[in-house]
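Enquirer: Quick one: this structure, given as structure tokens, is what I'll be asking you about.
Please treat every number below as a calculation from the coordinates, not as lab data. For clarity, every value in this text was computed on a predicted model and none was experimentally measured. Cβ atoms come from the backbone with ideal geometry, glycine included; neighbour counts cover every protein chain shown.
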Amino acid sequence: MRRGLRRFAVLGAVLMLTAAGCGDDGDEESGGGATTTSSGGEAPPTFAAGSTMATLQGKGKIILGTKFDQPGFGLKDAVSGKVEGFDVEIAKLIAAGIFGGSAEEAAGKIEFVEAVSKNREPFIQEGKVDLVVATYTINDARKIVVDFAGPYFVARQDIMVKSDNNDIRSVEDLNGKKVCSAQGSTSIKNVQAKAPQADLSISFDTYSKCADAMGDGRVVAVTTDDTILAGLVQASGGAFKLVNAPFSDEPYGIGLKKDDTAFRNFLNNRLQEIFDGGEWAAAFEATLGKLGLTTPEPPAIAAY
Amino acid sequence: MGPVLDNLDAYLSGMRTTATLTVVSFGVALVVGTLIASARISPVVPLRWAGAAYVELLRNTPLVVLMFLYYFGLPKIGLLFSGFTTAVLALSLYTGAFVAETVRSGVNSVATGQAEAARALGLTFPQTLATVIVPQALRTVAAPLGSLFIALIKNSAVAFTISVPELNGRVDRLITDTGQTIPLLVGAAVAYLLLTIPSGIALGVLERRVAIRR
């Protein structure tokens, strides 16, 4: 019902007032759902006194940093003000592991805060958020300042070309070709390492501009994480395709305060639980699956 | 200073591109601006309207918007220009609107008696403009045109948004490659000063030259 209303609202974007009204209704519904749950069914899980999980359970609230601008992972809906995506679903499932009940019920206890790439570490260190679930690639430099649970997803850098292009089948084929990626991204560095002769002189602040430049024939390929490219392929309406020749791994983890081993173990166990229980796959299908990505096998948890 | 000296080649090549971009764009802007100013003061009413429309449209749109509009818009109507050509187009058409207003105010500063005398001598409107009004007006506008030139040097930095490897774009690449943000940006500021200050001095000399002959 709520989805139906939302879709109707988007279609009738001209009627801004109607759209806003629908959004409000949606919020009230989910709020009501969250309060009725505490009375019913299962008792919330119990944790050792003094642990982060017990503290959060006592407060009845968890603050989560996520992206607000990343389609498929964390995107804030301009009409309803809700954040949607795979990261958000993972966050709800984690919250359900702390507070008990279903993911949707636990959603009412989550406060989402926008975490852009630059402020993720300081947010964790200063305690402004309890966890960061925001397309957060696990790497050694970051492990010095924060800890990671997971990975819960492994993105791969891939290549997007026009649908009629059959010359480019792997990253090596980019040598001597004009390739576009975002200014200052790790994607550019990965290409430079794997295809040193690639011409990377054209780059923009967003990937949609790269896609536009490829449509105009200024570049022959666009490269970055497959999850981002999938959204662009979807938006092109058949004009572009994914080469499907991944050449780097970007394991996404859940960021938490350093040296809270009990909390990290809990998160890793909870992730394994939702991998095995099928909630992970369902969350994928409901978000990234809609962008045309096929559901992969869950990654192996890295207990370091 | 180290990161700047290590990448001196990139700075010099960026400065060269910025200088070329500015000089070419300013040349085109002078021609465009003078034509538009002539249209705005011509006796033909539709021409005046067209001139006024041009100035208001171009002067009141942010340069970065024009830059993207030409870069991504023109190919959709079959005109695929390189990034550099697109940047020249955007910079010169934009600056042309300011040149037009400067030239027009210069022309208006020439006493009407001059134009009336030219008419009395039997000169046509184009002749009056070319031999009587414009030479006098140019002296008045030398200083404001110089300011437009210096503004153009700095405005050319916007071309980095469409991947033209001018100074600002080169430095941006260096920053992402090395992470040495502050020294590289200070280097960029100094490099721009090395372009703008000598330009200012040269323009001052030029201004004094035309002023003396009055």
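Enquirer: How large is ³J(HN,Hα), in whole Hz, for each residue of region A:88-94 in order, when computed from phi with the Karplus curve 6.51 cos²θ - 1.76 cosθ + 1.60 and θ = phi - 60°, using x for Gly and Pro?
Expert: Values, residue by residue: 5, 5, 4, 4, 5, 5, 5 Hz.
Enquirer: In nanometres, what is the gap between the two model label sites at B:Ala50 and A:Ala300, each 7 Å from Cα along Cα-to-Cβ?
Expert: 7.3
Enquirer: At a 10 angstrom cut-off on C-beta neighbours, averaged per residue, how do the peptides B:27-36, A:75-84, B:40-49 rank from highest to lowest?
Expert: Ranked by mean Cβ neighbours within 10 Å, highest first: B:27-36, A:75-84, B:40-49.
Enquirer: For labels at A:Ile63 and B:Leu74 in the simple 7 Å Cα→Cβ model, what's the distance in nm?
Expert: Here the modelled spin labels are 5.0 nm apart.
Enquirer: Which value at 222 nm does chain B reach when only helices count, each DSSP H run of 4 or more adding -39,500 (n - 2.57), with the total divided by all residues and rounded to the nearest 500 deg cm²/dmol?
Expert: -26500 deg cm²/dmol
Enquirer: Scan around A:Ile159 for amide H atoms under 5 Å from its own, H built in the peptide plane at 1.01 Å from N, and keep only partners 5 or more places away or cross-chain.
Expert: When sequence neighbours closer than 5 places are left aside, the close amide H contacts are A:Val243, A:Asn244, A:Ala245.
Enquirer: Report the charge-dipole magnitude of the protein assembly as shown in Debye, nearest 20, computed about the Cα centre from +1 at each Lys and Arg Cβ and -1 at each Asp and Glu Cβ.
Expert: Value, rounded to 20: 2600 debye.
Enquirer: Given H placed 1.01 Å from N in the peptide plane, which residues other than close sequence neighbours of A:Cys180 have an amide H under 5 Å from its amide H?
Expert: Answer set, sorted by chain and number: A:Ala221, A:Val222, A:Thr223.
Enquirer: Amide H of A:Phe240 versus every other amide H placed in the peptide plane: which residues, excluding those fewer than 5 positions away on the same chain, fall under 5 Å?
Expert: A:Ser163
Enquirer: How big is D, in µm² s⁻¹, for region B:2-210 by Stokes-Einstein at 37 °C and 0.692 mPa s if Rh is the Kirkwood radius over C-alpha pairs?
Expert: Once the numbers are plugged in, D ends up at 175 µm²/s.
Enquirer: Do any of A:Lys109/A:Lys143; A:Lys143/A:Lys189; A:Lys67/A:Lys162; A:Lys76/A:Lys258; A:Lys194/A:Lys258; A:Lys109/A:Lys209 go past 31 Å between their Cα atoms, and which?
Expert: Over 31 Å Cα-Cα: A:Lys194/A:Lys258; A:Lys109/A:Lys209.
Enquirer: Express as a percent, rounded to the nearest 5, the fraction of DSSP beta bridges in the protein assembly as shown (both residues included) that run antiparallel.
Expert: Around 60 percent antiparallel, to the nearest 5.
Enquirer: Given a cut-off of under 8 Å on Cα pairs at least six residues apart, what relative contact order in percent is computed for region B:2-210?
Expert: Taking the mean separation of contacting Cα pairs over the length of region B:2-210, I get 31 percent.
Enquirer: Still on this structure, I have one more. What three numbers, in Å, describe the spread of the alpha carbons of region B:60-168 along their principal axes, ordered from the longest?
Expert: 54, 31, 21
Enquirer: When the Karplus curve 6.51 cos²θ - 1.76 cosθ + 1.60 is applied with θ = phi - 60°, which whole-Hz ³J(HN,Hα) does each residue of region B:31-40 get, with x for Gly and Pro?
Expert: Result, ordered by residue: 5, 4, x, 5, 4, 5, 4, 4, 4, 5 Hz.
Enquirer: Then there is this: Apply the Karplus curve 6.51 cos²θ - 1.76 cosθ + 1.60, θ = phi - 60°, to the phi angles in region A:56-67 and return the couplings in whole Hz, x for Gly and Pro.
Expert: 4, 4, x, 6, x, 7, 10, 9, 10, x, 9, 6
Enquirer: Now for a separate question. With no solvent and one point per C-alpha, what does the Debye sum give as log10 I(q)/I(0) for the protein assembly as shown at q = 0.09, 0.11 Å⁻¹?
Expert: Treating every Cα as an identical point scatterer, log10 I(q)/I(0) equals -0.82, -1.05.
Enquirer: Continuing with the same structure: Ranked from highest to lowest mean number of other Cβ atoms within 10 Å per residue, what is the order of the peptides B:11-20, B:115-124?
Expert: B:11-20, B:115-124
Enquirer: Mind checking A:122-135 for the average number of partner chain beta-carbons within 10 Å of each residue's beta-carbon?
Expert: If you average over the peptide's residues, the count of other-chain Cβ atoms is 0.
Enquirer: Please find the FRET efficiency linking B:Leu8 to B:Lys154, where r is the Cβ-Cβ separation and R0 is fixed at 25 Å, and quote it to the nearest 0.05.
Expert: 0.70
Enquirer: Exposure proxy check: B:Met67, A:Met53, B:Met1 ranked by fewest other beta carbons within 10 Å?
Expert: Going from sparsest to densest Cβ surroundings: B:Met1, A:Met53, B:Met67.
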